[in-house]
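Here's the structure, in C-alpha cells; my notes come after.
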Amino acid sequence: MDFIVKAIEKKKINKIKLLINNNNKRDILYEMYDKNELSEKKLKFIIEKCSNYLYISTPLIERLIKEDNYQLFSIIIENLNFFDNKFILNILLFHYKNKTPISTSDLKQQISKYKFKLNKYNIYRRNTCGNYLEEACSCGNENVFFFLIRHGIVRKNENIFGETLLFEACR
C-alpha cells in the first residue's frame with residue numbers, strides 16, 4: 001500500500017500500473033481514505049490519469065456520503081460522466097432501423113453532447129453532499145439522482161420539520 005501511495009505522489013503511472021496488477025483484489029482508494037492518505041490532489045490525479053487502473057468503489061462513495069466529506073465527494077461527482085441512456089438507445093435504434101452506418105467517432109460525438117454535468121454551487125451556500133441530490137432533482141438528471149440514491153445520499157438526518165433530504169430535494 002505504501003508503495004502505491006508513493007507512486008501516486010510521484011505521479012509514476014507505469015509504477016502504479018505494475019503495483020495495481022499485483023494488488024488487484026484490494027480497494028486501494030478506500031484503504032488510502034481510511035489511513036488519511038487520500039488528499040484532493042491525489043484524488044484528482046487518480047481520476048485524471050489512473051481511472052483505468054484504480055476504481056472508485058461503492059463503499060468509498062458511501063463512506064464519503066456518510067461522513068459528509070464534501071471536498072472528496074465533489075471531486076468524484078464532478079468528474080464522473082452520467083449519460084442519458086434513453087437518448088443513446090434512440091440513436092442506436094434509429095441507425096439500426098434505417099440500416100445506416102455510424103462511425104465510432106460520430107457516435108461518441110453525439111453521445112458527449114448529452115452528458116450530464118452538475119453545476120457548481122454558489123460559494124455562499126453550505127457545501128454538503130446533499131446539494132448534489134437537490135441539483136440532480138431540479139435539473140431532471142435521473143441517472144445522477146438514482147446514482148446518489150443507490151449510494152445512500154438520503155440516509156441523512158431529518159430537519160426540524162421531520163423532512164429528509166430527499167423530500168427537500170424534490171420540492
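The values are calculated or read from the model by the stated rules, or taken from the named source; none is laboratory data. Remember, it's a predicted structure, so these values are computed and weren't measured experimentally. Cβ atoms come from the backbone with ideal geometry, glycine included; neighbour counts cover every protein chain shown.
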Next on the checklist: What pairs come out if I take residues in the stretch 30-58 that are of a type in the set (D, E) and pair them with residues that are exposed (fewer than 13 other Cβ atoms within 10 Å of the Cβ) whose C-beta lies under 8 Å away, six or more apart or interchain?
Outcome noted: E40/Q71
Next on the checklist: If a residue must be over 19 Å from E62 (Cα atoms) and at pLDDT below 65, how many such residues does the stretch 126-140 contain?
Outcome noted: 1
Checklist entry - Does K35 satisfy the condition of being among the charged types (D, E, K, R), assigned by the TED database to the domain that holds N21 and either within 19 Å of the chain's Cα centre (by Cα) or at pLDDT 75 or above (or both)? => result yes
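Does K49 count as farther than 27 Å from I149 by Cβ and more than 19 Å from the chain's Cα centre (by Cα)? Talk me through it step by step, then tell me what you get.
Numbers: farther than 27 Å from I149 by Cβ: yes; more than 19 Å from the chain's Cα centre (by Cα): no.
Judged against the criteria, K49 is not a match.
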Checklist outcome for this item: Going through the stretch 1-57 in order, the residues found to be assigned to a loop (DSSP other than H, G, I, E, B) and of a type in the set (S, T, N, Q) are N23, N24, N36, S39, S51, N52, S57
Item to check | Criterion violated by K12 - all others in (1) within 30 Å of K108 (Cα to Cα); (2) buried (at least 18 other Cβ atoms within 10 Å of the Cβ); (3) at pLDDT 80 or above satisfied | outcome: (2)
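Hey, among N81, N21, which residue is of a type in the set (S, T, N, Q), out of contact with any helix residue (DSSP H, G or I) (no Cβ under 9 Å at 6 or more places or on another chain) and at pLDDT below 85?
Working: N81 fails: out of contact with any helix residue (DSSP H, G or I) (no Cβ under 9 Å at 6 or more places or on another chain).
Just a single option satisfies the conditions, and that option is N21.
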Item to check | Single match in N157, N143 (criterion: at pLDDT below 70 and either charged (D, E, K, R) or out of contact with any Leu (no Cβ under 8 Å at 6 or more places or on another chain) (or both)) | outcome: N157
